[in-house]
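Asker: Here it is: the structure, laid out below.
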Amino acid sequence: MARNLFIILLKRSQKGRCRMIYILLFTIPILRTEVKEVREPLVVKEIREPVRMSFGQSIYPVAPHPATERIKRAKGTVLPAYISSPHPYWNSMDISYKVYGPPENVWMTIHFDTIDVESGYDTVFVYDNDGDLVDYFTGAYGPTWTSWGDGPTFTVRIKSDASVTKYGFDVNYIQVGGWCGPYESPHPYLNNMDTTVYMSGPANDWIGELIFYYDSIKTEYSYDSVFCYDIDSSTVLNTWTGTHRGVWSEWSSYNQDYTKQPTEATRLKSDGSITDYGWYSDWYNFFREHNVESPHNYPDYANQAYFIYGPQDAGDIRMRLHFARLETEHSYDSVYVYDGSGNLVNTYTGSVGTNFWTSWGDGNYMKVVLKSDNSVTRWGFEIDSLEWEPASMPNLTYYTPDGWDGPIVPSSEPNTHTYGPNLMGDSTTYIDWAIINNGSDTAFYFYIYLYCDDIPIAGWYCDTLPPNYYAYVEDYIDTFTAGTHTLKIYADTTDTVDESDETDNIYSQSFSWASGGGGGGAPGDTEYVIITPEAFRSAFSDLIWWKTKKGVPAAVMPVETIYKYYSGTDNAEKIRNYIIDAVNRGVIYVVLAGQCDFEHGEEYVPRRDAYCMTSGVGYYSDEDTIPCDLYYADLDGTWDYDGDGVYGETTDQVDMYADVYVGRFPVKNTTQISNMVQKILAYEKNPDPDYIRKILLPVGNLWSTNHGNGINDTIADTVPDTWKKAKLYEDYGLLSRYTVFDSINSGFSIGHWVGHGNEYGIYYDYGSEIYYYYSDVGNQTNPANNTIFVNSIACFMGALDEAGSSSGYDCVAEVMVNSNTSCAIGTGMNTRYGWGYSSPEGALGPSGELSVWFYRKLFGTSLYRLGEVFFAAKDQLVPTASSDDYFRWVLYEHTLFGDPETPIWTDIPVALSVTHPAEIEVGNANQCTVKVYTAKAPVEDALVTLATRDFDVYLRDTTDINGEAVFTVNPSREETVFVTVTGENLLPYEGYILAKTTLSLNFITAMAYFIGEGIMFRWVVMDENTERWEIERKEKGKEYRVIARIPGRRGSGRHTYSYLDTDIEKGKTYFYRLRAVGEGKKKVYGPFLASTGPVALRLGIERVYPLPSAGAVTVIYTVPQKEYVCLTLYDGAGRKVKKIKGGVHKAGYHRAKFTIEHPGVYFLRIENGRVSDTEKIVIVK
């Protein structure tokens, strides 16, 4: 069927009108082409220098890692407890006071140091937690305990008549009781047993003393004994042998240490003959004293003192108190705070407020005195916590040694301490840095890290830095890309040193590296290359790193290098010849990063102009000369087969199929580059989910016989129904310049625009009224992660050689992507006339056909990267274009202004849950499994990339059906291995693994076992030189976390350690790991498993070890009841390898050992005919 063909934008007349031209067009069948990719890693080596300290000690390089936060000073919670009445109390008084015990106590009694009230007329009442009356007192009493009542709170009420008053009362102690444990021996105990169980009281109150109640003790008389030890675990409080029921231990010593929970220990020791029941204890009593809160309201004539104690065994300390609230009568009543030396620290009067700290005072206790006059009273005060720190403290900060230019000095020459003089990108830089301890105490065991642009590049460990000594590094070697980078030195990144000033650990400074240094580039065969002038290289560093880091190895190729080393009749041909060479080596995506309008002196990356036909329109003198970036994508032939210097003629045998995906960044300065890079990174990493499923479809009427609605109607039918489709049609009265501008601000992810156009904008009302103009772009406010991709059929919107000075010589397609960080992430626009049919209504035309195919490829195929979709649509029309010059014209002119690798979001991105090791060993073939899940299921075919900044490690793989990608990682030094996961409509994950050097020592054994009140963890080593041991714990399916740090030992011989973990729950299984730290290195042992008591077993595999294995494997599995169970091994393809075990099993834990001969991935399956469980096994040889 013949149709009339129309140029969709005409040359501007003085009235802004456009002219119509009609040409005949026929259609023919369609074909497509494929693009292949090659991926190879590249290994780059790095040199690290030793570190020296000014006083002759060593600090050691370590793997970089980010800083972590912790509470720097010790904090103790002060429980509001013990109280006094006014002395003397006053007439007609009826006031109640609260006495608080530990929150978990079940019963309670309080101790009055004195009670003295008028006998028969004034009374002190004591109520328990339920409000029941426990005791009442009238008259005079010495030290007196109340009866027991329900805890954890007692109320003391004093009620007086209108006559005589006396002293009143003081409450100075409490005693509480609660359930514990239960703690017990085995029943019956064993022969030759010598086992100790540690027993603790309340979890939230440690200052005080304990006793325990034994329901039953039963041993062989005179031969087997039960001993109860004091909190020091050495002083015997009680010894029992034979049978005893309902006995209490003696009181433990009074614990004054806020940092240590008081315990008693019960030891059972038996001989080799008769055994018996053993012992059992399940409750405790606890005794303490304290006071932290005034009466509310306080009385007249108050003169009350309150003592708040800090740790008594922490040496010289200073303290401060935290007031939850303080309110007195202003100027008349006051609260005085004194330190342990009697010095006045603070004075408060009036409504001071809530939640504030006192000043610091010296000593391990503070005294608070409330004094009032005889008139108005107020609420008083409450102290809810204290804070303490050593009286002398270190302080780590940056330092400039004599002769240095600063605390951080990058230099192009070694053995100097001066900046520069010639810092060159991609060339060796020598870095010096220094820190000092200007505090009053020694700093121990801390890390120092060097960062570039907030990414850790190197780290060092320091075990000792005395006051007024400094540590420094000279000539640390690294390489930086050209451009400006910020170097930062950070002392004590793990925040382990308590310092007098926690705010001065960091120093940073920016430095500039010039271009022209070493080659740089991505690992292995680059897949993504940016062709740009050398002066722009450094401006692309963030984009290059992101593309490479996410699994698309990227590099910059300067045009100067291409012109020097590649042949061609002109610079455009030299660039094309380079691209041909690059594609043969694996390049998939090419960015032409530079404007190309030599007409205005702005040719940074040249263009190729092609000729298709003579249009005969006559509005532009160069209208038939088409700027054509397809020349760089279709690499077959020369595009000038007849050698006449006119490219793209029908006689030049151009096949028009893309062999590489090409996009142009139309930039001419680093500001425009920064705008585009920021938008790409924001769009790819953190898109706004609220705008993604929205398409903007404006239509300005084209002709009276075909308004153009049919093009966007066809596109709308292609887009899923889950999308919002904004049809801003002129026919509907919805199209105006404001509605398009406002729609971009409100957020649309893609858009197709129909209308007449020119290099400055697009129009409606048959080309007479603007509906978007280049000057609108500067006022757009949509953020960088909410930018739109727009393609259009309009004429000349992408004519990058036609715009004048009013728009800075940039056409509207260029302005939309390069002028700011708003508006568009990319555009697909025509560099010359667009072509369409003027009739019948709804006809698409060549430009409309191309636009429709773009959306069919985007939503109807597996393609989702911008360049792949863009050129797949073009490939679809190549057969037609081979015989129809109008379709050829459309393929030549339609240009991608944007990043060809950027993924287009076609649905709301799904957040990922990714797990992987936190650390790996340097110099070891570490088996690293990265698991990728959404909230619902494992993710298959996600791209996982492991990369270091210098590509010492660069590995990529896609996840399998179980959401797993398995890597063998062998880092050559301590470094950060970045983990990145991406995929179609997946929100990128960015994490890291630390490669660390391990510590060498002779580890003998370790075990973890449940003893009642906790899990006892013991380990034995020989010939160690460790500074500390870190104990890590996790539950199944969770991550390890450090629960304790134990000082290490140095020297030869056998060393035994133990730790009691009481922060546990019954019926759970815990996994423990040990981390030895010393000499700037670490080594991890484990896991070690312990269960906290009876738990309902399941049929399942609990543990397979070691993993990965060289062949010998042990499996621990559980069976819930006596039944037939089969354990079978399968290979990675699901084929049965062998039966490991089969038969009737008793309920409980079982162990099986077997050997796998060949390396690979296997699956171990346990089943009973109803349920099953599977575990993956990796064998390496």
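The values are calculated or read from the model by the stated rules, or taken from the named source; none is laboratory data. Note that the structure is a prediction, hence the values are computed from the model and not measured. Don't worry about glycine lacking a Cβ; one is built from the backbone with ideal geometry, like all the others, and counts go over all protein chains shown.
Asker: Out of the range 576-591, which residues are of a type in the set (A, V, I, L, M, F, W, C) and either modelled with pLDDT of 95 or more or surrounded by fewer than 23 Cβ atoms within 10 Å (Cβ to Cβ) (or both)?
Answerer: ILE580, ALA582, VAL583, VAL590, VAL591
Asker: Of these, PRO414, PRO401, which one is more than 35 Å from the chain's Cα centre (by Cα) and either at pLDDT 85 or above or surrounded by 19 or more Cβ atoms within 10 Å (Cβ to Cβ) (or both)?
Answerer: Of PRO414, PRO401, the one residue that is more than 35 Å from the chain's Cα centre (by Cα) and either at pLDDT 85 or above or surrounded by 19 or more Cβ atoms within 10 Å (Cβ to Cβ) (or both) is PRO401.
Asker: For the range 374-398, how many residues are under 19 Å from HIS296 (Cα atoms) and buried (at least 19 other Cβ atoms within 10 Å of the Cβ)?
Answerer: Of the range 374-398, the ones under 19 Å from HIS296 (Cα atoms) are 374-385.
In the following step, the residues that additionally are buried (at least 19 other Cβ atoms within 10 Å of the Cβ) were identified as 377-378, 380-381, 383.
Count: 5.
Asker: Does TYR476 satisfy the criteria of being surrounded by fewer than 22 Cβ atoms within 10 Å (Cβ to Cβ) and over 28 Å from PHE536 (Cβ atoms)?
Answerer: It is true that TYR476 is surrounded by fewer than 22 Cβ atoms within 10 Å (Cβ to Cβ) and over 28 Å from PHE536 (Cβ atoms).
Asker: Scan the range 448-466 and tell me whether some residue there is within 23 Å of THR503 (Cβ to Cβ), of a type in the set (S, T, N, Q) and modelled with pLDDT of 80 or more.
Answerer: Taking every residue of the range 448-466 in turn, none turns out to be within 23 Å of THR503 (Cβ to Cβ), of a type in the set (S, T, N, Q) and modelled with pLDDT of 80 or more.
Asker: Collect the residues in the range 913-959 that are of a type outside the set (Phe, Trp, Tyr) and out of contact with any strand residue (DSSP E or B) (no Cβ under 6 Å at 6 or more places or on another chain), keeping them in residue-number order.
Answerer: The answer is ALA918, GLU921, GLY923, ASN924, ALA935, LYS936, ALA937, PRO938, GLU940, ARG949, ASP950, ASP952.
Asker: Look through the range 675-724, keep the residues that are in contact with a Pro (Cβ under 9 Å, 6 or more places away or on another chain) and polar (S, T, N, Q), and return whichever of them is nearest to GLU990 (Cα to Cα).
Answerer: In this case the residue turns out to be ASN686.
Asker: Also: Just wondering, is there one or more residues in the range 1157-1170 that are surrounded by 13 or more Cβ atoms within 10 Å (Cβ to Cβ) and part of a loop (DSSP other than H, G, I, E, B)?
Answerer: Yes, because at least one residue in the range 1157-1170 is surrounded by 13 or more Cβ atoms within 10 Å (Cβ to Cβ) and part of a loop (DSSP other than H, G, I, E, B).
One line per residue, one yes/no per condition, for (1) among the acidic types (Asp, Glu); (2) crowded, with 16+ Cβ neighbours inside 10 Å; (3) within 30 Å of THR880 (Cβ to Cβ):
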position: THR650; (1), (2), (3): no, no, yes
position: MET656; (1), (2), (3): no, yes, yes
position: VAL660; (1), (2), (3): no, yes, yes
position: ASN669; (1), (2), (3): no, no, no
position: LYS694; (1), (2), (3): no, yes, no
position: LYS724; (1), (2), (3): no, no, no
position: ASP742; (1), (2), (3): yes, no, no
position: HIS752; (1), (2), (3): no, yes, yes
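Asker: Now, a different point. Which is touching a Lys or Arg at 6+ places or on another chain (Cβ under 9 Å), among the small types (Gly, Ala, Ser), modelled with pLDDT under 95 and under 23 Å from ALA873 (Cβ atoms), of SER615, SER567?
Answerer: Numbers: SER567 fails: under 23 Å from ALA873 (Cβ atoms).
On inspection, the qualifying residue turns out to be SER615.
Asker: Something else about it: Kindly list the number of the only condition in (1) crowded, with 20+ Cβ neighbours inside 10 Å; (2) not in a strand (DSSP E or B) that fails for ARG664.
Answerer: (2)
Asker: Could I ask something else about it? State all residues of the range 218-247 that are part of a strand (DSSP E or B) and aliphatic (A, V, I, L, M); if no residue qualifies, say none. Explain how you work it out, then say what you get.
Answerer: Taking the range 218-247 first, the residues part of a strand (DSSP E or B) are 218, 225-229, 236-240, 243-247.
Those that are part of a strand (DSSP E or B) and aliphatic (A, V, I, L, M): VAL226, VAL236, LEU237, VAL247.
Asker: Would you be able to tell me the number of residues in the range 138-164 that are in a strand (DSSP E or B) and within 58 Å of the chain's Cα centre (by Cα)?
Answerer: 10
Asker: Let me ask something additional. If we keep just the residues of the range 430-450 that are of a type in the set (Ser, Thr, Tyr) and crowded, with 22+ Cβ neighbours inside 10 Å, which is farthest from GLU413 (Cα to Cα)?
Answerer: Within the range 430-450, the match that is farthest from GLU413 (Cα to Cα) is TYR447.
Asker: Hey, another quick one. Restricting attention to the range 329-360, which residues are in contact (Cβ under 8 Å) with a residue 24 or more places away in the chain, within 18 Å of THR377 (Cα to Cα) and in a loop (DSSP other than H, G, I, E, B)?
Answerer: GLU329, TYR332, ASP333 - these are the residues of the range 329-360 that are in contact (Cβ under 8 Å) with a residue 24 or more places away in the chain, within 18 Å of THR377 (Cα to Cα) and in a loop (DSSP other than H, G, I, E, B).
Asker: For the range 1042-1118, which strands (runs of 3 or more DSSP E) that fit wholly inside it have 1 or more residues that are modelled with pLDDT under 80 and closer than 25 Å to LYS1181 by Cα?
Answerer: 1081-1091, 1100-1105
Asker: Just one of PRO909, PRO879, PRO900 is buried (at least 23 other Cβ atoms within 10 Å of the Cβ) and not aromatic (Phe, Trp, Tyr); which is it? Steps first, answer last, please.
Answerer: Values: PRO909 fails: buried (at least 23 other Cβ atoms within 10 Å of the Cβ); PRO879 fails: buried (at least 23 other Cβ atoms within 10 Å of the Cβ).
Answer to the selection: PRO900.
Asker: If I filter the range 304-313 for residues that are surrounded by fewer than 17 Cβ atoms within 10 Å (Cβ to Cβ), closer than 30 Å to THR165 by Cβ, at pLDDT below 80 and in contact with a His (Cβ under 9 Å, 6 or more places away or on another chain), do I get at least one hit?
Answerer: Going through the range 304-313, the residues surrounded by fewer than 17 Cβ atoms within 10 Å (Cβ to Cβ) turn out to be 305, 307, 312-313.
Still in the list and also closer than 30 Å to THR165 by Cβ: 305, 307.
Subsequent filtering for residues that are at pLDDT below 80 retains 305, 307.
In the following step, the residues that additionally are in contact with a His (Cβ under 9 Å, 6 or more places away or on another chain) were identified as 307.
Yes, some residue in the range 304-313 is surrounded by fewer than 17 Cβ atoms within 10 Å (Cβ to Cβ), closer than 30 Å to THR165 by Cβ, at pLDDT below 80 and in contact with a His (Cβ under 9 Å, 6 or more places away or on another chain).
Asker: Pairs under 8 Å by beta carbon, first residue modelled with pLDDT of 80 or more in the range 507-534, partner acidic (Asp, Glu) and part of a loop (DSSP other than H, G, I, E, B), six or more apart or different chains?
Answerer: What qualifies is GLU527/GLU37; TYR528/GLU901.
Asker: When you go through (1) farther than 30 Å from ASN297 by Cβ; (2) touching a residue at least 24 places away in the same chain (Cβ under 8 Å); (3) out of contact with any Lys or Arg (no Cβ under 9 Å at 6 or more places or on another chain) one by one for CYS228, which number turns out not to apply?
Answerer: That leaves (3) as the condition not met.
Asker: Moving on to the next point. Could you please let me know if ASP475 is under 26 Å from ASN675 (Cα atoms) and either outside the structural domain of ILE575 (by TED's automatic domain parsing) or at pLDDT 85 or above (or both)?
Answerer: In short, no.
Asker: So, ASP721, is that one assigned to a helix (DSSP H, G or I) and either in the same structural domain as ALA784 (by TED's automatic domain parsing) or in contact with a helix residue (DSSP H, G or I) (Cβ under 6 Å, 6 or more places away or on another chain) (or both) or not?
Answerer: When the stated conditions are applied, ASP721 does not pass them.
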